[in-house]
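Visitor: Below is the structure I would like to discuss, written out as structure tokens.
The values are calculated or read from the model by the stated rules, or taken from the named source; none is laboratory data. Being a predicted model, the structure only gives us computed values, none of them experimental. Cβ sites come from the backbone with ideal geometry, for glycine too, and all protein chains shown count toward neighbours. With ligands, DNA and RNA removed, areas are computed over all heavy atoms of the protein, side chains included. Shrake-Rupley method; radii C 1.70, N 1.55, O 1.52, S 1.80 Å.
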Amino acid sequence: MISKNQIKFIRQLELKKFRKRENLFVAEGPKVVGDLLKHYCPEAVFATPDYLPHVSKGAYGVTEITEEDLQRISFLQHPQQVLALFPIPAALDISIQRDTLSLALDGVQDPGNLGTIIRIADWFGIDTIYCSEDTADAYSPKVIQATMGSIAHVHIIYCDLADLFDTIPPTYPIYGTLLDGDDIYRQPLTKEGIIVMGNEGNGISETIRQRVNRRLLIPCFHQGDAAESLNVAIATAITCSEFRRRG
């Protein structure tokens, strides 16, 4: 049984200020919740009777709820059996892992894009994403859902990207996808470095663009009228794939 106060509390977690105050985020559905349970101890789990057998009775509370109650607390159009509250991971030290490949997101606003990029990073073995302060909140319900559980495998660090980049040697590779860049398929790519992806409408900001020392372009192969640009998540997937293809 779920109380009115619990319903109100969960619904408030849609807002960033409440997530920050309570240090909690919402995950939904067997796939997302199941993956997160392997890595984090939840604050609470709310499950319908058909999902209860899949929830181990651990150090956390499990509340049985009806389909109607799940509908009341869910942020999904079609709720799926279980909703859980997890603690937001503690922030890591803001420093570059110089011997590996990382992503940096400069003003990515769309929650669906951010969630998909986190999932892409997970797929390509990139375990750290540095986000500008104006990038969407990685722990909003929409982003969490779009990650499909990959949020458990990728470290998300919010910081001032310009300040971060200024702490590393000028020769360290900072890649950026830009319209005046060089064909990614013809340029040498390193096994370590930072790949910067920009805002959906404006691309990489001028401040960060000045710090990009390896400019890349994903070429358009269509002759004549073509799409103006690629979706940022798709561009991220293409770029990460090419880096990993090289070795």
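Visitor: With +1 assigned to the C-beta of every Lys and Arg and -1 to the C-beta of every Asp and Glu, and no other charges, what is the dipole magnitude of the chain about the Cα centre in debye, to the nearest 20?
Guide: Computed about the Cα centre, the dipole is about 420 debye.
Visitor: With springs only between Cα atoms under 10 Å, which of Lys38, Lys142, Lys20 fluctuates most in a Gaussian network model of the chain?
Guide: Comparing Lys38, Lys142, Lys20 in a Gaussian network model of the chain, the most mobile one is Lys38.
Visitor: Any chance you could give the angle, 0 to 90 degrees and rounded to 10, that helix 111-123 forms with the longest Cα principal axis of the chain?
Guide: 80 degrees
Visitor: Top mean-square fluctuation among Asn23, Asn113, Asn202, Gaussian network model of the chain, C-alpha springs under 10 Å?
Guide: Residue with maximal mean-square fluctuation among Asn23, Asn113, Asn202: Asn202.
Visitor: Counting heavy atoms of the protein chains only and a 1.4 Å probe, report the per residue accessible area for the stretch 1-138 as a whole number of Å².
Guide: Heavy-atom accessible area per residue stands at 52 Å².
Visitor: Could you please put Leu179, Leu114, Leu76, Leu92 in sequence from largest to smallest accessible area, using a 1.4 Å probe?
Guide: Leu179, Leu92, Leu76, Leu114
Visitor: Using 0.36 nm per residue, how much length does the chain from Glu200 to Glu64 gain when fully extended, once their Cα-Cα distance is taken away?
Guide: Going from the current span to full extension adds 44.9 nm.
Visitor: Then there is this: Would you work out which of Ser3, Thr116, Pro141 lies farthest towards the positive end of the dipole of the chain? Charges go on Cβ: Lys and Arg +1, Asp and Glu -1.
Guide: It is Ser3, whose Cα lies furthest towards the positive end.
Visitor: Further question on the same structure: For the stretch 129-247, build the convex hull from the C-alpha positions and give me its volume per residue in Å³.
Guide: About 134 Å³ per residue, rounded to a whole number.
Visitor: Right, something else. Quick one: which residues, 5+ away or cross-chain, put their amide H under 5 Å from the amide H of Thr63? H built at 1.01 Å from N.
Guide: Val45, Phe46, Ala47
Visitor: Please list, or write none, the lysines whose alpha carbon is within less than 17 Å of the alpha carbon of Lys20, excluding same-chain residues fewer than 8 places away.
Guide: Partners within reach: Lys8, Lys142.
Visitor: Determine the dipole magnitude for the stretch 1-93: charges of +1 sit on the beta-carbon of Lys and Arg, -1 on that of Asp and Glu, nothing else is charged, the reference point is the Cα centre, and the result goes in debye to the nearest 20.
Guide: 420 debye
Visitor: Please list the non-local residues whose amide H lies under 5 Å from the amide H of Gly193, H modeled 1.01 Å from N, same-chain partners needing a gap of 5 or more.
Guide: Thr100, Leu101, Ser102
Visitor: Summarise the accessible area of the stretch 102-247 (1.4 Å probe, protein heavy atoms) by the percent that is carbon and sulfur.
Guide: Roughly 50 percent of what the probe reaches on the stretch 102-247 is carbon or sulfur.
Visitor: Students often get this wrong, so try it: which of [x] 36; [y] 25; [z] 46 is percent of Cα pairs over 29 Å apart as calculated from the structure shown?
Guide: Correct label is [x].
Visitor: Here is a further query. So how strong a dipole does the stretch 67-117 carry about its Cα centre when Lys and Arg Cβ are +1 and Asp and Glu Cβ are -1, to the nearest 20 debye?
Guide: 100 debye
Visitor: Sticking with this one: The stretch 41-116 to the stretch 199-241: how many Å between their Cα centroids?
Guide: 30 Å
Visitor: Next up: What FRET efficiency would be calculated for the residue pair Gln187, Phe9, taking the C-beta separation as r and a Förster radius of 51 Å, to the nearest 0.05?
Guide: Efficiency for this residue pair is about 0.50.
Visitor: Turning to a different aspect of this structure: Could you calculate the contour length gain from Lys31 to Ala91, that is, 0.36 nm times the residue separation minus the distance between their Cα atoms, to one decimal place in nm?
Guide: Extra length from Lys31 to Ala91 when fully extended: 19.1 nm.
Visitor: Leaving out ligands, DNA and RNA, what percent of the accessible area of the stretch 1-67 is carbon and sulfur, probe 1.4 Å?
Guide: 54 percent
Visitor: Does the stretch 17-86 classify as rounded, prolate or oblate by the C-alpha gyration tensor (a ≥ b ≥ c root eigenvalues; a/c under 1.5 gives rounded; else a/b over b/c gives prolate, otherwise oblate)?
Guide: Here the stretch 17-86 falls in the oblate category.
Visitor: What range in the chain is the longest one free of GluC sites (Glu not before Pro) that are in a loop by DSSP and have at most 14 other Cβ atoms within 10 angstrom?
Guide: Here the longest run is 15-132.
Visitor: Using a Gaussian network model of the chain whose springs link C-alpha atoms within less than 10 Å, name the residue from Gln210, Gln81, Gln71 with the highest mean-square fluctuation.
Guide: Largest GNM mean-square fluctuation: Gln210.
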